[in-house]
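The values are calculated or read from the model by the stated rules, or taken from the named source; none is laboratory data. Just so you know, these numbers come straight off a predicted model, no measurement behind them. Positions of Cβ are backbone-derived with ideal geometry, glycine not excepted, and every protein chain shown enters the neighbour counts. Surface areas here come from the heavy atoms of the whole protein model, side chains and all, with no ligands, DNA or RNA. Shrake-Rupley method; radii C 1.70, N 1.55, O 1.52, S 1.80 Å.
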Amino acid sequence: MAELAELEDPKTREVNEKHGDDHGVNLSKLRALAKRLKTQQELASRLWETDDTAARLLAILICRPKAFERDELDVMLREARTPKVHDWLVNYVVKKNPHSEELRLAWSADPDPVVASAGWALTTERVAKKPEGLDLAGLLDVIEAQMKEAPARLQWAMNHCLAEIGIEHPEHRTRAVDIGERLEVLKDYPTSPGCTSPFAPVWITEMVRRQHDT
């Protein structure tokens, strides 16, 4: 904790707080610290218990993803107060855990939109990597009915799923683009030069073009 306190930088904190993340540690320095510590499950658990955002990010980097029980991960996700901790927990831990499919189904149906967004993130991973058994048309039905009015984090996760269906599954591409165009979610999202817009029709078209170019 003392080392993390030394890495704290007020300017970094200022930038992070605009995104809802209450820490001021440069992530490259955090990763370097994690590399030095290597995997330490016991230390990771103790760091998580501090409820400090930088400590929790470090915990995620040094834990053993497969060591967690299903209920432990459910509690941790609900405790993850900040977007970065939430995203890292889902991407670096839950996706590698044997209970990920069970959690995907439970979280997708959760009334808490932030928890539900984690379910959608896991669904998006399956859309891209392991779509067998997924009802893609059914997912598009839900996105079409609910994405426009969904709270920001859940909307973002649903939109990512919509784009991934359109990119990876040509038979659903026309419908995915059409849903995106009609709902206009993230259409006006500010995009930096050289980056792809998160507006699904633009995102799908650009990624498909790149696939054809390679």
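Which translational diffusion coefficient, to the nearest whole µm²/s, is obtained for the range 161-214 from the Stokes-Einstein equation, given a Kirkwood hydrodynamic radius over C-alpha pairs, 10 °C and 1.306 mPa s? Don't jump to the answer; show the numbers that get you there.
Numbers: Rh = 11.2 Å.
Translational diffusion coefficient: 142 µm²/s.
FRET efficiency for the Ser192 to Glu69 pair, using the beta carbon distance and R₀ = 30 Å, is estimated at 0.15. The tail of the calculated P(r) for the range 116-214 beyond 16 Å holds 52 percent of all Cα-Cα pairs.
Relative contact order of the range 34-117, please, whole-number percent, based on alpha carbon pairs below 8 angstrom and at least 6 residues apart. Write out the running numbers ahead of the final one.
On the way: 77 pairs, mean separation 21.2, N = 84.
For the range 34-117, the relative contact order is 25 percent.
What is the local net charge at Arg175, summed over the other residues whose Cβ is closer than 12 Å to its Cβ (Lys, Arg +1; Asp, Glu -1)? Walk me through the numbers before you get to the answer.
Numbers: positive: Arg173, Arg182; negative: Asp141, Glu144, Glu171, Asp178, Glu181.
Combined, the nearby Lys, Arg, Asp and Glu give -3.
Summary value for the chain: 11 percent relative contact order, contacts being C-alpha pairs under 8 angstrom separated by 6+ residues. Here the gap between Glu184 and Asp51, fully extended at 0.36 nm per residue and compared with their Cα-Cα distance, gives a gain of 44.2 nm. Summed over all non-identical Cα pairs, the Kirkwood treatment of the range 74-116 gives a radius of 10.5 Å.
Spin-label pair Gln146-Ala5: with each label point 7 Å from Cα along the Cα-Cβ axis, the two points sit 4.4 nm from one another.
Assuming a ≥ b ≥ c are the square roots of the Cα gyration tensor eigenvalues, decide whether the range 21-93 counts as rounded (a/c under 1.5), prolate (otherwise, with a/b larger than b/c) or oblate.
Numbers: a/c = 1.73, a/b = 1.16, b/c = 1.49.
Oblate.
To put it simply, the accessible area of the chain at a 1.4 Å probe is 52 percent carbon and sulfur. Convex hull volume of the C-alpha atoms in the range 75-165, normalised per residue: 92 Å³. Of all the options Pro193, Pro151, Pro201, the one that moves most in a Gaussian network model of the chain with Cα springs shorter than 10 angstrom is Pro193.
Summarising the overall dimensions of the chain from its C-alpha atoms, the Rg and Dmax are 18.4, 54 angstrom.
Per residue, the accessible area of the range 1-149 comes to 54 Å², computed with a 1.4 Å probe over protein heavy atoms only.
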